[in-house]
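See below for the structure under consideration.
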Amino acid sequence: MKKNRVIPVLLLKNGWLVQSREFSRHQNLGNPIDAVKRLSKWASDELIYLDISRDDLYDIRRDDQGYRNINSFLGIIESISKEVFMPMTIGGKIKNLHDIEKRLLLGADKISINTEAYKNNSLIEDAAKEFGSQCIIVSMDVKQNENGYSVFTNFGKNDTGHDPLYWSKRMESSGAGEILLNSIDRDGTGIGYDIELLDQISSKCKCPIIALGGVGEWSHFKEALEKTSVDSVAAANIFQYTDQSVFLAKKYLAKKGCNVRKPDLLKL
C-alpha cells in the first residue's frame, strides 16, 4: 500500500525563512538554507519550498556567522539543491514553461503553481504535456465565507469566486499531478486542519491531495489521515521549533498505526 507522506513546507520572503499566519503576518525565522539541511537529516519524505516574496529583493542583510547573501530565488534554489536529499517542490513566481524548466534544471523535482494557473488557462495543460503531470502541483489557497469556501490567488488577496471542488477537478483534468490544498483561515493558527474542506476535496478527486494549514501538534496529522482521503500531510511552522521534528512526527504517526514510512535513526 502506498505510504502517506509527511512534508515540511518552507516559506521564503525576501531572502529570509519566515513563519506565516493567515497570509498577512510573517515572522523572520532565519537562514533559508540551514533549515533545509536539518529537515533533510530528519527523515522528511519530501520538501516544499515556496517563495512568497512580493518583489525581487533578496537580501538577508547580514554577513556574520558565515551567512552568504544570495540575491535571487534561482540562486537560492541552486544552493539548497546541493543540501537536500529528498524530492523537492519549488513554487513562486512561475509564469511560463521557461520558468518551470529553469527550476527543474536547478534541482527541483516538482514545481508548484498557484496564481498563474488561474490567470493562464492553458499553463497547467501545457506544463503537464511538456514535463509530465508527475512534477506539476497546483497550489490552491482556500478561505471560508458565508456561502461556503472560495479559492483565492495573489497571496490570498484575490477572491476568484471559484468553489474549491470545482477548481480542483478542473486542475486535475488539465493535468495537475497533485493539489496542495491550503486553508488561509487556519494558516499559522495551530488549531488543526480544516477537516471538512480536506474531506470535501480528497473524497472526490483522483489526484493526490496534500493537506496544509493549521497544524499545531502531531495529532493533527493523524486526524487528517484518519478522517479524510488526503495522500500527504504538510506543515510549515511546527517543524521549525523542535529538534528532529519530522522524525518525531513520523515516529508518533507510526506508533498510532498511520501508514507512514518509519523514520530511520541511522540517518540522524
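Quick check on segment 142-183: of everything there that is of a type in the set (Asp, Glu) and outside any loop (DSSP other than H, G, I, E, B), which residue is surrounded by the most Cβ atoms within 10 Å (Cβ to Cβ)?
Here the residue is Glu178.
Within segment 166-185, is even one residue in contact with a strand residue (DSSP E or B) (Cβ under 9 Å, 6 or more places away or on another chain) and farther than 30 Å from Gly132 by Cα?
There is at least one residue in segment 166-185 that is in contact with a strand residue (DSSP E or B) (Cβ under 9 Å, 6 or more places away or on another chain) and farther than 30 Å from Gly132 by Cα.
Could you look through segment 73-84, keep only residues that are part of a loop (DSSP other than H, G, I, E, B) and in contact with a helix residue (DSSP H, G or I) (Cβ under 9 Å, 6 or more places away or on another chain), and pick out the one that is surrounded by the fewest Cβ atoms within 10 Å (Cβ to Cβ)?
This residue is Glu83.
Assess whether Gly192 counts as being in contact with a Lys or Arg (Cβ under 8 Å, 6 or more places away or on another chain), buried (at least 17 other Cβ atoms within 10 Å of the Cβ), among the small types (Gly, Ala, Ser) and without any contact (Cβ under 8 Å) to a residue 40 or more places away in the chain.
yes
Please determine whether any residue of segment 43-50 is of a type in the set (Phe, Trp, Tyr), at pLDDT below 75 and closer than 19 Å to Phe73 by Cα.
Within segment 43-50, none of the residues are of a type in the set (Phe, Trp, Tyr), at pLDDT below 75 and closer than 19 Å to Phe73 by Cα.
If you go through segment 132-139 one residue at a time, do you hit one that is within 18 Å of Lys95 (Cα to Cα), modelled with pLDDT of 95 or more and surrounded by fewer than 16 Cβ atoms within 10 Å (Cβ to Cβ)?
Checking segment 132-139: at least one residue is within 18 Å of Lys95 (Cα to Cα), modelled with pLDDT of 95 or more and surrounded by fewer than 16 Cβ atoms within 10 Å (Cβ to Cβ).
Out of the residues in segment 215-268 meeting the condition of being without any contact (Cβ under 8 Å) to a residue 24 or more places away in the chain, over 22 Å from Asp185 (Cα atoms) and not hydrophobic (A, V, I, L, M, F, W, C), tell me which one is surrounded by the most Cβ atoms within 10 Å (Cβ to Cβ).
Lys251
Here are the criteria: (1) among the β-branched types (Val, Ile, Thr); (2) over 19 Å from Ile48 (Cα atoms); (3) over 17 Å from the mean Cα position of the chain (by Cα). Tell me which single one Thr189 does not satisfy.
Failing condition for Thr189: (3).
Restricting attention to segment 184-197, does a residue exist that is at negative phi and in a strand (DSSP E or B)?
Within segment 184-197 (the criterion being at negative phi and in a strand (DSSP E or B)), the answer is no, since none of the residues qualifies.
Answer yes or no as to whether Trp16 is over 13 Å from Ala236 (Cα atoms), modelled with pLDDT under 85, crowded, with 21+ Cβ neighbours inside 10 Å and more than 15 Å from the chain's Cα centre (by Cα).
Against the criterion (over 13 Å from Ala236 (Cα atoms), modelled with pLDDT under 85, crowded, with 21+ Cβ neighbours inside 10 Å and more than 15 Å from the chain's Cα centre (by Cα)), Trp16 does not qualify.
To keep it simple, each residue is scored yes or no on (1) part of a loop (DSSP other than H, G, I, E, B); (2) of a type in the set (Asp, Glu).
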residue	(1), (2)
Met86	yes, no
Asp99	no, yes
Ile111	no, no
Asp126	no, yes
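Give the number of residues within segment 51-72 that are charged (D, E, K, R), assigned to a loop (DSSP other than H, G, I, E, B) and at pLDDT 65 or above.
Total satisfying the criteria: 3.
The values are calculated or read from the model by the stated rules, or taken from the named source; none is laboratory data. Nothing here was measured: the structure is a model prediction, and the numbers come from that model. Ideal geometry is used to build each Cβ from the backbone, glycine not excepted, and the neighbour counts take in all protein chains shown.
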